Every structure is written in C-alpha cells, then in structure tokens.
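Colleague: What follows is a single structure, and I will ask about it in a moment.
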Amino acid sequence: GENVEQHPSTLSVQEGDSAVIKCTYSDSASNYFPWYKQELGKGPQLIIDIRSNVGEKKDQRIAVTLNKTAKHFSLHITETQPEDSAVYFCAARNQAGTALIFGKGTTLSVSS
Amino acid sequence: SQTIHQWPATLVQPVGSPLSLECTVEGTSNPNLYWYRQAAGRGLQLLFYSVGIGQISSEVPQNLSASRPQDRQFILSSKKLLLSDSGFYLCAWSSGGQPQHFGDGTRLSIL
C-alpha cells in the first residue's frame with residue numbers, strides 16, 4: 001500500500017524566513033496530495049492541495065511543488081509569521097481513491 | 001456550507017468500559033466518512049471509512065468498531081476499552097472527489 005515519509009519532524013525558523021517541508025510517497029498511482037495545518041487541540045485544516053497533472057500551485061505565501069518522477073512533493077511557506085507555528089501534515093490519496101495516507105507531521109516553530 | 005461536529009471534545013474512561021463517539025455532518029448528502037486516530041507525536045492513522053449507510057471498511061485490526069446508522073452520522077465504538085486506545089480521535093468527511101475536512105476531534109484518556 002501507499003507509504004508517505006515526511007521530513008523534517010521539527011523545524012524552527014525566524015520570522016520572515018522561508019520554511020520548506022518535504023514528503024515522498026511510494027505509490028506511483030497516487031494522484032492527489034493535500035497539505036494540512038493542525039493547531040493545538042484542533043483538527044487538521046486543509047491549506048493547499050495539488051493534483052498529479054500540475055507541477056506547482058501557489059496561494060499567497062504558501063506553495064506546493066510536485067515531482068511525479070521522483071515521487072516527492074514539498075510545501076513552501078515564505079515570509080513566515082508566528083501564527084504559522086503549528087504541525088503540518090502531508091498526505092497522498094491511495095490507489096483506490098478512498099482514503100488519504102498521512103505523513104507523521106512536521107512541527108513548525110516561528111520565532112519573532 | 002458544510003459543517004462537521006464531533007462530541008464529546010474530551011473523555012476520560014476507565015479500562016474495560018464501553019465507548020461511543022459520535023460524528024455528524026451537515027450541508028451535504030452521501031459523504032464519505034472517516035475515523036482517524038492520532039497518537040501523541042505521531043501522524044494520523046486511518047481506522048475506518050464509509051462510503052454509504054451500513055458500509056464500513058476497517059483499515060487496521062483493533063479493539064474498535066464503527067457504524068453508520070444514518071447518511072451523515074458516523075459512530076466509533078468499543079465494548080471494552082484498553083489503555084492503548086488512548087489518543088486523539090478525528091472524524092472527517094469528503095464528497096465528490098473534494099478534499100477531506102476534519103472535525104475538531106475527541107481527546108480520549110483511558111485510566
């Protein structure tokens with residue numbers, strides 16, 4: 001089945017710097033890759049997603065890139081702010097299209 | 001717009017007691033529904049998903065079961081809780097190929 005690896009597990013940056021989180025997936029048939037942000041005590045919230053027919057997608061300070069050949073995708077946050085501090089999860093939809101397989105998460109800390 | 005509700009938000013139960021967590025979705029019909037567990041410091045593990053009333057698929061063997069008695073209601077149950085059942089339980093829904101949306105979870109502590 002699908003397996004998703006996420007790195008790093010923790011990331012600390014200064015306010016204004018960029019943050020990059022990387023994920024790899026195992027199933028070449030996966031075609032949908034969302035990213036979620038989870039704040040303490042809450043459920044994950046979708047922040048951006050990308051489908052396999054697209055190489056890059058941007059939404060203000062957030063961007064996601066996908067390399068289908070290498071089977072990896074990345075989240076880029078520019079001009080980080082303290083409110084970006086949270087746990088970020090990547091995911092890949094399984095071959096059957098019925099469920100998402102999640103990475104183990106990255107705890108991002110942005111210090112001012 | 002669609003909303004998802006989970007309750008209770010927190011629950012403390014003794015070992016061996018039963019469990020019932022409920023999740024309901026509003027504003028959509030025939031959604032796919034999911035139960036995940038999130039252990040401390042770990043990712044989200046899919047426990048069950050359902051594509052329709054009475055249709056439940058289990059992803060991992062465990063002490064838990066799920067039921068979908070109505071189109072927009074998903075219930076997670078156990079007859080006898082174990083210490084290892086402690087964790088943060090999340091319900092999610094999706095529809096029409098759209099992304100999954102999560103509830104705010106139930107933090108379950110087993111004593």
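Colleague: Against the condition more than 19 Å from B:Leu11 (Cα to Cα) and within 10 Å of the chain's Cα centre (by Cα), how does B:Tyr89 come out, does it pass?
Modeller: No.
Colleague: Just checking, which of B:Gln70, B:Gln45 is within 12 Å of the chain's Cα centre (by Cα) and either closer than 22 Å to A:Lys42 by Cα or not hydroxyl-bearing (Ser, Thr, Tyr) (or both)?
Modeller: Only one candidate qualifies: B:Gln45.
Colleague: Looking at segment B:28-71, which of the residues that are in a loop (DSSP other than H, G, I, E, B) and in contact with a Leu (Cβ under 8 Å, 6 or more places away or on another chain) is nearest to the other protein chains (Cβ to nearest Cβ)?
Modeller: Checking each candidate, the answer is B:Glu59.
Colleague: Quick one: in segment B:75-111, which of the residues that are of a type in the set (Phe, Trp, Tyr) and in contact with a Pro (Cβ under 9 Å, 6 or more places away or on another chain) is farthest from the other protein chains (Cβ to nearest Cβ)?
Modeller: Restricting to residues being of a type in the set (Phe, Trp, Tyr) and in contact with a Pro (Cβ under 9 Å, 6 or more places away or on another chain), the top hit is B:Trp93.
Colleague: A further question follows. Output yes when any residue across segment A:36-45 is without any contact (Cβ under 8 Å) to a residue 40 or more places away in the chain, in contact with a Leu (Cβ under 8 Å, 6 or more places away or on another chain) and closer than 23 Å to B:Gln98 by Cβ, and no when none is.
Modeller: yes
Colleague: Tally time: how many residues in segment B:15-54 are of a type in the set (S, T, N, Q) and surrounded by fewer than 18 Cβ atoms within 10 Å (Cβ to Cβ)?
Modeller: Of all residues in segment B:15-54, those of a type in the set (S, T, N, Q) come to B:17, B:20, B:24, B:28-30, B:32, B:38, B:45, B:50.
Then keep just the ones that are surrounded by fewer than 18 Cβ atoms within 10 Å (Cβ to Cβ); that gives B:17, B:20, B:29-30, B:45.
Qualifying residue count, segment B:15-54: 5.
Colleague: Of A:Val64, A:Val87, which residue is part of a strand (DSSP E or B) and at the interface with chain B (Cβ under 10 Å from one of its Cβ atoms)?
Modeller: Going through A:Val64, A:Val87 in turn, the sole match is A:Val87.
Colleague: Take the residues of segment A:1-24 that are of a type in the set (Val, Ile, Thr) and surrounded by 13 or more Cβ atoms within 10 Å (Cβ to Cβ): which is nearest to the chain's Cα centre (by Cα)?
Modeller: A:Ile21
Colleague: Regarding segment B:2-14, can at least one residue be identified that is within 11 Å of the chain's Cα centre (by Cα) and surrounded by 18 or more Cβ atoms within 10 Å (Cβ to Cβ)?
Modeller: yes
Colleague: In addition: With respect to B:Gln100, is the statement that it is in contact with a Gly (Cβ under 9 Å, 6 or more places away or on another chain), buried (at least 18 other Cβ atoms within 10 Å of the Cβ) and of a type in the set (S, T, N, Q) true? Talk me through it step by step, then tell me what you get.
Modeller: Working: in contact with a Gly (Cβ under 9 Å, 6 or more places away or on another chain): no; buried (at least 18 other Cβ atoms within 10 Å of the Cβ): yes; of a type in the set (S, T, N, Q): yes.
No.
Colleague: If I ask for residues that are within 10 Å of chain B (Cβ to nearest Cβ), outside any strand (DSSP E or B), farther than 15 Å from A:Ile50 by Cβ and in contact (Cβ under 8 Å) with a residue 12 or more places away in the chain, which ones from segment A:98-112 would you list?
Modeller: If the condition is that a residue be within 10 Å of chain B (Cβ to nearest Cβ), outside any strand (DSSP E or B), farther than 15 Å from A:Ile50 by Cβ and in contact (Cβ under 8 Å) with a residue 12 or more places away in the chain, then A:Lys104, A:Gly105 are the ones that fit.
Colleague: Keeping to segment B:77-111, report how many residues are under 14 Å from B:Ile4 (Cβ atoms) and not in a loop (DSSP other than H, G, I, E, B).
Modeller: Looking only at that region, the number is 9.
Colleague: While we're here: Name the pairs whose Cβ atoms lie under 9 Å apart, with the first residue in segment B:38-60 and on the phi > 0 side of the Ramachandran plot, the second at pLDDT below 90 and not in a loop (DSSP other than H, G, I, E, B), and 6 or more positions between them or separate chains?
Modeller: none
The values are calculated or read from the model by the stated rules, or taken from the named source; none is laboratory data. Only a predicted model underlies this, so the values are computations on that prediction, with no experimental measurement involved. For neighbour counting, all protein chains shown are included, and Cβ atoms are generated from backbone atoms with ideal geometry for every residue, glycine included.
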